[in-house]
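Taken together, the values in this text are just the output of simple stated rules run on the coordinates, not laboratory data. Computed from a predicted structure; not experimentally measured. Here the Cβ is made from the backbone with ideal geometry for all residues, glycine too, and neighbour counts use every protein chain on show.
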Amino acid sequence: MNGFVYLWENTENKKMYIGSHLGNVNDGYVGSGVYFKRAFEKKPENFKRTIIYTGNKFRDIETFILKAVDAANSDRFYNLKNDAVGGWSHCQSKEIKEKRGKALSKAKIGTAPACASRDKKGNKNPMYGKKHSDITKRKISEKRKGVANKKFPLLETTTGLRFERVMDAAKYYGLTSSTMSTLIRNELITRGKCKNKIFKYV
């Protein structure tokens, strides 16, 4: 299980990002840091990469270096944490949000995903010339159940509340109609405003 440790430097402001990756140095991997990726995507031409280490101890080496320079607490680095373990919980502290500039949940507001701008017509469509298997069709059908039932009466069985339409229930709980329809397809809701409630069409 070989990988490598790399360092990206912004030649404009001299800020750096240290990371590691399971793979080889020529596989096109850039990095996964939220703060770093935002800066890189704006001006990739300003960044220069240096390979620090290759081998099977790449995670340990990355963590060692990050802690040695205390990258997470330095304005000279884009890194938001001092270890090589992935995850999102560390990104929600007040200090990290201030360093990052804005919350993750707001970072993409008003922007379309990259795939939205791609031409997917004709042979550029990933499903061009292909057909869904019977199993896939069945799964799609199961997921679609309830979507066409937005005009049918709805009962919340744990409280006895009755709604004439899905959109009425959605408005009552402060949700969108599509979210409400998705929740209805679950037998028991385990999160959010409708936690522990069970909805049935009547």
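Can you sort Y173, Y128 from fewest to most other Cβ atoms within 10 Å of each residue's own Cβ?
Going from least to most buried by this count: Y128, Y173.
What order do you get for K42, K171 when you list them from fewest to most C-beta neighbours inside 10 Å?
Final ranking by Cβ density, sparse to dense: K42, K171.
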